[in-house]
Structure formats: C-alpha cells, structure tokens
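Below you'll find the structure, written out as structure tokens, and then a few comments.
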Amino acid sequence: MTVLQGIASGLLVISSLVLIATILLQPGEKAGLGAIAGGAETFFGKNKARSFEGKLAMATKVSAGVFTLMALLLVLLAS
C-alpha cells in the first residue's frame, strides 16, 4: 500500500463517519397539513441555511462528495 492509498483510505473512513453522523443528526421532515397551505415557509424556513439544520445539510453534502471522490481515487490507485 502506497502513502497516497493510505491517505485516501484515512480520508474515506473519516468522511464516512462524518456522513453517518450528519445523516443521523438531521431531524425528520414533518409535512403535515401546514405544508399543504404553505405554512412551512416561515421566518425560520427562509433562514434555513444559517440554522443548525442548514449546516448539517451542507456538512452532509460535503462529506458525501469527499466520500465519493476518495472511493473513486482508491479504485483508480488499486488498478
């Protein structure tokens, strides 16, 4: 195993753990009758990117991207 494969493997493990944690920490989507009437778009809905849920969503996207890139890199390095 080369040094680059070791670094990629380490990043793959770290990103997978972050991905699991961020997905498990996200609250469930509760779409009740308020979502039908448009009640879901409140003040907090408009500023969702700055909230804890918005930060979790961004961390999920970033860790999923890193996970995908490291998995592809490991496949290319193994061949």
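The values are calculated or read from the model by the stated rules, or taken from the named source; none is laboratory data. Model, not experiment: these values are computed from the prediction. As a convention, Cβ positions derive from the backbone with ideal geometry for all residues, glycine included, and neighbour counts pool all protein chains shown. When the accessible area is computed, the model is the full protein with side chains, heavy atoms only, and any ligands, DNA or RNA have been set aside. Shrake-Rupley method; radii C 1.70, N 1.55, O 1.52, S 1.80 Å.
Determine which member of the set LYS30, LYS55 is under 28 Å from LEU72 (Cβ atoms), open to solvent by 90 Å² or more (accessible area, probe 1.4 Å) and either part of a helix (DSSP H, G or I) or at pLDDT below 90 (or both). Reasoning before the result, please.
Numbers: LYS30 fails: under 28 Å from LEU72 (Cβ atoms).
Being under 28 Å from LEU72 (Cβ atoms), open to solvent by 90 Å² or more (accessible area, probe 1.4 Å) and either part of a helix (DSSP H, G or I) or at pLDDT below 90 (or both) holds for just one of LYS30, LYS55, which is LYS55.
Counting only residues that are under 13 Å from the mean Cα position of the chain (by Cα) and assigned to a loop (DSSP other than H, G, I, E, B), region 1-27 holds 1 of them.
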